[in-house]
Amino acid sequence: LLSSKIKPCLMKLNNNKSIDIELSGTTCVSLLFCENRIISANVGDSRAIKGYYDKKEKKWSYIPLSRDHKPTDKDESERIIKCKGLIHPYIDDDGNYAGPNRVWIDDELPGLAMSRSFGDEIASRVGVFAEPEVKIFPFQEEDKFIVIASDGLWEYVTNDEVIEIVSEYFMNKDCDGAVSELYEVSHERWVQYDDYIDDISIIVVF
């Protein structure tokens, strides 16, 4: 059902000549709350997790609600290689590998660090597609909050750190404070470890 809804949207995107999607695209992770279930649909390497209080262990914990689609995942790499794509990190001027594994048609393009996305027309020629991975999870009384974010958060901040930060703000009923703290921590890590700052988009739901 989701695939049938997405395909017409992709056709509109591909046919809109005012938008250049050859080397441009996006990820998407969305959650549908349906009575006692959470239905997750994910494309790319944005991520959603739910935080809950484990009464038995007497501590906060989490359950991933999505899987990051990376080209090194077995099922993803098999599809890309079957479509004659290449998977390896960026090669610098000295011939050394740098950074994460990426999807390539040749050693120059497109260099996409995920295996599914909307857009990215060049990468779609070698198996990168927008087919969502759909998962269903129970929505239970002990589930207290949800965090949905782009990889700008998850690149340098672990799931455990996110849960630790958000749980403190949950106890104070300060959802906006949780988002601000997550952004500040992530921003500081980018400044510390990298030469640029990636997109940092965050949603927190209590």
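Ordering His88, His69, His187 from largest to smallest accessible area (1.4 angstrom probe), what's the sequence?
The ordering from most to least exposed comes out as His187, His88, His69.
For region 12-166, how big is the tail of P(r) above 18 Å, as a whole percent of Cα pairs?
On the way: 7551 of 11935 pairs.
More than 18 Å apart: 63 percent of the Cα pairs in region 12-166.
So how do Phe129, Phe170 rank on accessible area, 1.4 Å probe, biggest first, that is with the largest at the start?
My answer, sorted largest first, is Phe129, Phe170.
Viscosity 0.890 mPa s, temperature 25 °C: what is the translational diffusion coefficient of region 73-133 from Stokes-Einstein with a Kirkwood Rh over Cα pairs, rounded to a whole number of µm²/s?
This corresponds to a translational diffusion coefficient of 211 µm²/s.
Residue-wise, which Karplus ³J(HN,Hα) couplings in Hz belong to region 36-44, taking 6.51 cos²θ - 1.76 cosθ + 1.60, θ = phi - 60°, and x for glycine or proline?
With coefficients 6.51, -1.76 and 1.60, one gets 9, 10, 10, 9, 10, 10, 10, 9, x Hz.
For region 83-90, in order, what is each residue's ³J(HN,Hα) by Karplus, 6.51 cos²θ - 1.76 cosθ + 1.60 with θ = phi - 60°, in whole Hz (x at glycine and Pro)?
8, 6, x, 10, 10, 6, x, 4
Leaving out ligands, DNA and RNA, what percent of the accessible area of the chain is carbon and sulfur, probe 1.4 Å?
Ligands and nucleic acids excluded, carbon and sulfur reach 51 percent.
Using the Kirkwood formula over every pair of different C-alpha atoms, what hydrodynamic radius in Å results for region 121-206?
14.8
Run the reach check for Lys84 against lysines, Cα to Cα strictly under 25 Å, same-chain hits fewer than 8 apart removed. What comes back?
In chain and number order, the partners are Lys7, Lys70, Lys74.
For the chain, what is the calculated [θ] at 222 nm in deg cm²/dmol (nearest 500), taking -39500 (n - 2.57) for each run of four or more DSSP H residues and dividing by its residue count?
Here the helix-only value at 222 nm equals -9000 deg cm²/dmol.
With both partners inside region 65-206, how many of the DSSP beta bridges are antiparallel, as a percent to the nearest 5?
Percentage antiparallel, nearest 5: 90.
Can you compute 3J(HN,Hα) from phi for each residue in region 100-106, using the Karplus curve 6.51 cos²θ - 1.76 cosθ + 1.60 with θ = phi - 60°, rounded to whole Hz and x for Gly and Pro?
x, 5, 9, 9, 9, 8, 9
Which value, in Å³ per residue, describes the convex hull spanned by the Cα atoms of region 31-119?
Dividing the Cα hull volume of region 31-119 by its residue count gives 144 Å³.
Which far-off residues, 5 or more places away or on another chain, put their amide H under 5 Å from the one on Val29, with H placed in the peptide plane?
Hits under the 5 Å cutoff: Val43.
Using Cα positions and a limit of under 19 Å, work out the lysines in reach of Lys50, with same-chain residues fewer than 8 apart set aside.
Excluding near neighbours in sequence, the set is Lys58, Lys59, Lys135, Lys144, Lys173.
The values are calculated or read from the model by the stated rules, or taken from the named source; none is laboratory data. Predicted model only: the values in this text are computed from it and were never measured. Areas reflect the complete protein model, heavy atoms only, side chains present, ligands, DNA and RNA absent. Shrake-Rupley method; radii C 1.70, N 1.55, O 1.52, S 1.80 Å.
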